[in-house]
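The values are calculated or read from the model by the stated rules, or taken from the named source; none is laboratory data. Owing to the predicted nature of the structure, the values given are computational and were not obtained by experimental measurement. Backbone-built Cβ (ideal geometry, glycine too); neighbour counts: all protein chains shown.
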Amino acid sequence: MNKLRFIDYIKPHKNFIITLKALIALLLIFIVFRFLFFVYYFDHFSLIQGSEVLKSFLIGIRFDLSAIMMLSGVFLVFLNFPGKFKFSNFYVVFILSLYFVFVVIGILIFAGDIFYYDFVKRRLSYEIFNLFKTIPELIKIILNTYLIALVGFVGLVILLGYIWFRYLPKSKIKFKYNLPNDILYFVVTIGMILVFIRGGFQLKPLRESYAFRNENLVLGHLTLNPVFTVIRTLNRGDLKEYKFMNEDESINIVKSLLKDKNEEFVNNEFPLMRAKYFEKDKNIKLNVVILIMESWPGDILEIEKNSVAPFFNRLANDGRYFKRFFASGQRTIQGIQAIIGSIPNVAYDDILGSPIEQHSLRQIGSILKESGYQTIFIHGARSGSMGFEAYSKLAGFDKYISKEDFDLSIVQDDGTWGIFDHYVFEKANQEFEKINKPFLGVVMSLSSHAPYNLPSKEFEYYDSTVANYRFLNSLRYSDWSLGKFFNEAKKLNYFENTVFIITADHAEGTREKNIYESFHIPCLFYSPVHINPGFDTSVHSQVDILPTILDILQLQTIHSSFGKSMLASDNGFAFFSTGNLFGWIRKQWLLIGDYEKNIGLYDIGNDNELYLNKLDEQKNIGEMMRREVLGYIQTSVYLLKHNKIYKPSNKLY
């Protein structure tokens, strides 16, 4: 019997060699996709030094190894588990087959992220878990817009599958089995998994904020990879609380931000709850119509010298237009929750399916129903799309109208999302005119959403020589639809007694934009009889719409909004977040940061292109704003998690 030599104890066995091959293959794939991301968005990097780009590639390897181990860890454990059984061909092929399924999922995440980044300017994250709500629409978009990319993806998977099963299992190393060697490489495997997932031996595990080393956020996005950012959100069901300061301090910060002179906080246990007081005989029973325009950008009055939205441009001159107004997030449901519920984007991107949907919230539908209003939500998409039907019931809406409520022999479907806008707006006027008592109506448009289909060629105002022409054409069409809606509404009985609010769910994401532009959206309050026209330059966001409506109606009630009335003063604020980054705007200052550090401070009154970072120059302002925003985040998350928004049993009068 041959004795084992020392080399036999330390020589890697066949399955560990397979492990190394798999890791190298995946690392190469991750690097290739980072390069494809760089090439696809080369314009974003054209003004950045090559050495900084190279540094992002090198630092990115750390994130790649972490993501690879998150994806691979369990399979590597099974491949290297002590025992002779693991060397059988059947066992190896079985584990590699399961492993390959997850690898394909990872590649799919990479492929989708490259195109998704164009819309949100950050890596794919939590929103991947909401795709099941819009699978039919996504399939249509992929087939119509990204068919070549889909073919390339399938080809890549086939090529990788061939390499995976053809070359990974093969090994020319002669190996004599022995238990010490088996245990050694099992321990080495476990050690590799733990170290790589942590990102090294530093005190705290690797996380997204480590990727952002300066104000060039795109370099941080280049460093990250979507597999890492997606897997990091798998624990989102357990909403993480923050402890930046003591609880009383953070609550006092929020109260000072929110309180208006006609309000009084009424419950210390539910610190957002505040009562609005007016002269009782001035309670105004106006109708309220909120028109949420899909993807409308904040510079809509400036695009193409106003030719892209001629009707809205005229209407803005006759209403109160808020020039410095911001979205809470970058997805439609985030915008809806902020507008209807005054819920900021600090926790779950979608409260439906989260613990929050069971909580006592104080949303505009419920508030106005208590005052005798009928409530209706209209959206031309299929019933259940994006969870709007369920959310509208949660938010206090009596009636929900979807695609199924239209006669498809009369109206036209866009082939992807649902009914074209002008038919939806026409339906809205019909429904509003039928309501006898005061009503709240919310209409969500959809035609200016990718793939930007149009009802006819007459709306092809721009051709392919114009950058972003498809979106611009859809924007012009939705503006035309809005004009058609108002021209008809002015003939109806409900019009003069109605306040119209026109805003967007989020900004469009197809043009290259900085973080300011990515959240800047329009907001117009229009009611010729009841609202004086003018252009307002104070800072506000979607969470401010609810308390503003209460002020306009002079409705004595209790609300628990995360915003303040836009009619109260010019001392407003705006909070928005994207992935692990947040923005906080106060007067002329925009602070960009994450939960660990400030990244940039910009004087957007003079520099909304964000060319000059004044963080070092204005340290006191940066620290003051950081204290405010962290207090806002800490209190908001705490109240949302612990159901401390609103106490229904409270009686004000």
*In region 457-475, how many are free of Cβ contacts under 8 Å to residues at least 12 places away in the same chain and within 16 Å of ASP421 (Cα to Cα)?*
2
*asked:* Going through ILE17, ILE48, ILE68 one at a time, which residue ends up being in contact (Cβ under 8 Å) with a residue 12 or more places away in the chain and out of contact with any helix residue (DSSP H, G or I) (no Cβ under 8 Å at 6 or more places or on another chain)?
replied: ILE17
_Considering only residues that are surrounded by fewer than 22 Cβ atoms within 10 Å (Cβ to Cβ) and either on the phi > 0 side of the Ramachandran plot or not assigned by TED's automatic domain parsing to the domain that holds PHE439 (or both), which ones fall in region 391-407?_
none
*Matching residues, region 412-429, being farther than 19 Å from ARG476 by Cβ and buried (at least 18 other Cβ atoms within 10 Å of the Cβ)*: GLY418, LYS427, ALA428, ASN429
*Every residue from region 537-593 that is assigned to a helix (DSSP H, G or I) and acidic (Asp, Glu)*: ASP544, ASP551
*SER478 touching a strand residue (DSSP E or B) at 6+ places or on another chain (Cβ under 7 Å), in a helix (DSSP H, G or I), of a type outside the set (A, V, I, L, M, F, W, C) and in the same structural domain as THR578 (by TED's automatic domain parsing)*: yes
*Spot the failing condition for PHE406; the list is (1) more than 30 Å from THR233 (Cβ to Cβ); (2) of a type in the set (A, V, I, L, M, F, W, C); (3) modelled with pLDDT under 90, and only one is missed.*
(3)
*modelled with pLDDT of 95 or more, farther than 30 Å from PHE459 by Cα and out of contact with any Lys or Arg (no Cβ under 7 Å at 6 or more places or on another chain): does that describe PHE439?*
yes
*Limited to region 376-388, what total is found for residues that are under 14 Å from LEU440 (Cα atoms) and out of contact with any Lys or Arg (no Cβ under 6 Å at 6 or more places or on another chain)?*
2
*Under the condition of being over 34 Å from the mean Cα position of the chain (by Cα) and part of a loop (DSSP other than H, G, I, E, B), which residue from region 40-96 is nearest to GLY200 (Cα to Cα)?*
ASN80
_For a quick check of your reading of the model, give me the residue pairs whose first member lies in region 550-573 and is at positive phi and touching a residue at least 24 places away in the same chain (Cβ under 8 Å), whose second is of a type in the set (Phe, Trp, Tyr) and surrounded by fewer than 23 Cβ atoms within 10 Å (Cβ to Cβ), with beta-carbon atoms closer than 9 Å and at least 6 apart or on different chains._
GLN554/PHE278
_Can you say whether LYS369 is at pLDDT 90 or above and either aromatic (Phe, Trp, Tyr) or not in a loop (DSSP other than H, G, I, E, B) (or both), as far as the supplied structure shows?_
yes
*Considering only region 378-404, how many residues are part of a loop (DSSP other than H, G, I, E, B) and in contact with a strand residue (DSSP E or B) (Cβ under 7 Å, 6 or more places away or on another chain)?*
6
*Select from region 242-290 the residues that are exposed (fewer than 12 other Cβ atoms within 10 Å of the Cβ) and of a type in the set (D, E, K, R) and write down the one among them that is farthest from ASN571 (Cα to Cα).*
ASP281
_For a quick check of your reading: which helices (runs of 4 or more DSSP H) sit entirely within region 245-351 and have at least 3 residues that are aliphatic (A, V, I, L, M) and closer than 27 Å to MET624 by Cβ?_
247-258
_Being modelled with pLDDT under 90, of a type in the set (Ser, Thr, Tyr) and crowded, with 21+ Cβ neighbours inside 10 Å: is that true of THR233 here?_
no
_Please go through (1) of a type in the set (Lys, Arg); (2) loosely packed, with under 15 Cβ neighbours inside 10 Å; (3) touching a Ser or Thr at 6+ places or on another chain (Cβ under 7 Å) for ARG122 and return the number of the only condition it doesn't satisfy._
(2)
*Just one of (1) in a helix (DSSP H, G or I); (2) loosely packed, with under 14 Cβ neighbours inside 10 Å; (3) modelled with pLDDT under 95 trips up LEU28, so point out which.*
(3)
*Single unsatisfied condition, SER447 versus (1) out of contact with any His (no Cβ under 9 Å at 6 or more places or on another chain); (2) farther than 30 Å from SER46 by Cα; (3) among the small types (Gly, Ala, Ser)*: (1)
_Condition check for LEU222: part of a helix (DSSP H, G or I), of a type in the set (A, V, I, L, M) and buried (at least 21 other Cβ atoms within 10 Å of the Cβ)_ = yes
*Output yes when any residue across region 38-58 is at pLDDT 90 or above, within 16 Å of LEU26 (Cα to Cα) and not hydrophobic (A, V, I, L, M, F, W, C), and no when none is.*
no
*Hey, LYS513 hits all of (1) more than 26 Å from VAL308 (Cβ to Cβ); (2) in a loop (DSSP other than H, G, I, E, B) but one; which does it fall short on?*
(1)
_Residue list for region 411-465, filter: hydroxyl-bearing (Ser, Thr, Tyr), part of a loop (DSSP other than H, G, I, E, B) and farther than 30 Å from LEU555 by Cα_ = THR416, SER447, SER448, TYR452, SER456, TYR461, TYR462, SER464, THR465
*What is the number of the single condition among (1) surrounded by fewer than 21 Cβ atoms within 10 Å (Cβ to Cβ); (2) at pLDDT 95 or above that LEU590 does not meet?*
(1)
*asked:* Is it the case, given these coordinates, that LEU184 is touching a residue at least 60 places away in the same chain (Cβ under 8 Å), in the same structural domain as VAL637 (by TED's automatic domain parsing), assigned to a helix (DSSP H, G or I) and surrounded by 14 or more Cβ atoms within 10 Å (Cβ to Cβ)?
replied: no
_Scan of region 512-568 for residues that are farther than 13 Å from ILE501 by Cβ, surrounded by fewer than 23 Cβ atoms within 10 Å (Cβ to Cβ) and within 24 Å of the chain's Cα centre (by Cα), ordered by number_ = GLU512, LYS513, ASN514, ILE515, TYR516, GLU517
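Looking at the structure I just gave you, is GLY579 surrounded by 18 or more Cβ atoms within 10 Å (Cβ to Cβ), at positive phi and touching a residue at least 24 places away in the same chain (Cβ under 8 Å)?
It is true that GLY579 is surrounded by 18 or more Cβ atoms within 10 Å (Cβ to Cβ), at positive phi and touching a residue at least 24 places away in the same chain (Cβ under 8 Å).
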